[in-house]
Structure formats: structure tokens, C-alpha cells
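Down below is the structure, laid out as C-alpha cells.
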Amino acid sequence: MRYDLNLLRVFIVLMEERSATRAADRLGITQPALSNALSRLRDILQDPLFIRERYGMQPTQKAEGLAPGIMLAIGQLDELVLEQQAFDPASANLLFTVAPNSYVEYVLVPAIVAKLREQAPGIKLRIIPYGNDLAETGVISGTTALVLGRIIDPPDNLIVQHLMEDSLACVVRADHPTVGDTITKEQYEHLKHVNVMPPGRMRAGLFQALDRQGLKREVAVSVTHFLSVPEVISVTDYCTTLPNQICRRLANDSRLKILATPVDLGTFPIDIAWHVRYRHDPAHRWLRSLIEEVARSL
């Protein structure tokens, strides 16, 4: 039997998106063209494959059964083709969509952009928010190239690699009336605190570290980004607990002073994840290696 391999790609995208509109957008085709491709698929596979329902297109039992084999076959074919392709970063003209959490955007992205300017000036980055979960980033469907941050319970179609660890430190204003060059547990618990609230389950990290050490904290202000913190700290007697890599950047601010935490709060991980289809993509591999190089340099 002869058939168009592009039809199998349509099948995969419909399985991942469960929406004709999103699938057509991702494939770069019109919805009538998508409908035509689905009709041909139904004829070849002798099954409706996808049933329109109120909230999208749901796969039939046969489609669910065929999906793993089709995805594996297309993935293997992609790998064979991509491995033969050369990649020259200096002459490449590409756009990568990347979803970093707020920590990575603050700490790593500027250095990544500087490296790209030196080594691959034609490669552009589109930064989108990490959001509340992985599905919102687009990495599960493959529309987003990479996510960077704390990755919890990834699905099977994501490859996750540990990137780096960071620890925590305290920040108060330079002329704080009660805190000198060190901060005690009693001082820490007596002070009011500024807290950064990242989205989703990532916010649990510091709270869990404090609980493990039996360290209490009264939060007076919660903000959504690290950039807000020094402005609040510099005009109050509040304290904040931030990642060390961020504190290193705040150390040059004469309004502030950086202190070790009163107890060891451990470290937290930063991971990088991507869809399995990009595993052997030479441009994608090159970008991942550049990001790993930047992380190691810290």
C-alpha cells in the first residue's frame, strides 16, 4: 500500500493537540486541508480515528492503540534524517521558543543571549512564561523547544536533564538597625519577610526547606518577580531569602547586604526538558549544549 507520510504526522499532531484548530496552526495548514488529510487517514486505517466532542476531538480506541507505534516509527525516521544533517551555528537562521521559570530568566537567559550573539547571531529566542504547569508551556506538544526550571512529574514524551543546583541566602538593607554581618535564627523569625511567589508547584521549595529546619517566617509582602525584591528591602527593615545566584547579582547594590541563612536550607534543582522528537535534532542539541555550558560557568 502507498500512503503519504505527512498523513501520519497529521495523526500525531491531532493525538497531541486534540483540536483541529490547534493542529492546523501547528502544521501550518488550513483547516479544510486538515479535514481532507483526516478523511484520507480514515479511509486508509478504516476507522473514524477522532470524534468531535464539545471540548475537542477525542481519539477512538483504535487511534489510541495505533498512536504509540506511529509515533515511534516517525520518531525513528526523523532521527535517521536529522543525524545526516550538518548544522553550522554561525550561519543558522532559526527561532527557538523557550519557557524558563523566573529564576532562569533572571540568572541564565542574559548569559545565553550573550553566547548566541557571539556564536550564532542568526538564532533568535522567544521567551514565554513557564506558567502553572508543563502543558501550558507547549513543550509537551513540541511547539516549545525547551523548558527550564524545576520540573515535576514529566510525561513520558519529555526528556529531562539536570542542569544545576543553587542554594539560598538572606538579604536585608545595608543599614539595617538590628542585623549586622550575620543573622541568627531568632532574628530571622522575628523579622518580617518579602517572599517571591513563582507559579504552580514550584512555590513549594522554600516553604518545604523552612519546614524541614523548623524555621518560621512571617511574610509581610509577596511579589511575583525577583526584580521587585531589592526595591522593597531597601526601604524597609524586612528580610528576604533568595537563591545565591540572584544574591550575587544584588551584592553590587550598595543599599543591600547579603548574609548566610541562619540554618542550612539545602539546595534546589534546575532542570532542562524537551520533547523526544528533538532528541537528535542537531540545532536543538547545539542549543542545549550552549545552555549547559552557561550553567556550568556559574
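The values are calculated or read from the model by the stated rules, or taken from the named source; none is laboratory data. Since the structure is predicted, the reported quantities are computational estimates derived from the model, not experimental observations. Note that we place each Cβ from the backbone using ideal geometry, even for glycine, and neighbour counts take in every protein chain shown. Just the protein is used for accessible areas: all its heavy atoms, side chains included, with ligands, DNA and RNA removed. Shrake-Rupley method; radii C 1.70, N 1.55, O 1.52, S 1.80 Å.
A few comments on the model shown:
- Condition met for Arg217 (in contact with a strand residue (DSSP E or B) (Cβ under 7 Å, 6 or more places away or on another chain) and not hydrophobic (A, V, I, L, M, F, W, C)): yes
Residue by residue, here is whether (1) in contact (Cβ under 8 Å) with a residue 60 or more places away in the chain; (2) farther than 30 Å from Gln119 by Cβ holds:
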residue: Gln187; (1), (2): yes, yes
residue: Val219; (1), (2): no, yes
residue: Val235; (1), (2): yes, yes
residue: Cys247; (1), (2): yes, no
residue: Ile258; (1), (2): yes, yes
residue: Tyr278; (1), (2): yes, no
residue: His284; (1), (2): yes, no
residue: Glu293; (1), (2): yes, no
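- Residue in the range 109-118 that is touching a residue at least 12 places away in the same chain (Cβ under 8 Å), of a type in the set (Val, Ile, Thr), open to solvent by less than 20 Å² (accessible area, probe 1.4 Å) and part of a loop (DSSP other than H, G, I, E, B) present: no
- For beta carbons closer than 6 Å, sequence separation of 6+ or different chains, a first residue in the range 40-62 that is assigned to a helix (DSSP H, G or I) and a second that is basic (Lys, Arg), there are no qualifying pairs.
- Filtered by the rule that a residue be in a loop (DSSP other than H, G, I, E, B) and farther than 15 Å from Leu8 by Cβ, the range 24-39 gives Gly28, Thr30.
- Of all residues making up the range 138-160, the number that are within 25 Å of Arg249 (Cβ to Cβ) and either over 12 Å from the mean Cα position of the chain (by Cα) or not in a loop (DSSP other than H, G, I, E, B) (or both): 4
- Residue-level analysis places Leu95 outside the set of residues that are more than 29 Å from Ile127 (Cβ to Cβ), of a type in the set (A, V, I, L, M) and either part of a helix (DSSP H, G or I) or at pLDDT 90 or above (or both).
- When residues in the range 95-150 are screened for being out of contact with any Ser or Thr (no Cβ under 6 Å at 6 or more places or on another chain), of a type in the set (Lys, Arg) and under 21 Å from Trp286 (Cβ atoms), 3 of them pass.
- Qualifying residue in the range 94-106 (condition: open to solvent by 80 Å² or more (accessible area, probe 1.4 Å) and more than 30 Å from Asn244 (Cα to Cα)): yes
- Boolean, Arg173 is modelled with pLDDT under 95, more than 21 Å from Leu148 (Cα to Cα), in contact with a helix residue (DSSP H, G or I) (Cβ under 8 Å, 6 or more places away or on another chain) and surrounded by 14 or more Cβ atoms within 10 Å (Cβ to Cβ): no
- Any hit, the range 260-272, residues being farther than 26 Å from Asp133 by Cβ, open to solvent by 20 Å² or more (accessible area, probe 1.4 Å) and either among the hydroxyl-bearing types (Ser, Thr, Tyr) or within 25 Å of the chain's Cα centre (by Cα) (or both): yes
- Test: Phe87 is modelled with pLDDT under 90, surrounded by 11 or more Cβ atoms within 10 Å (Cβ to Cβ) and not in a helix (DSSP H, G or I): yes
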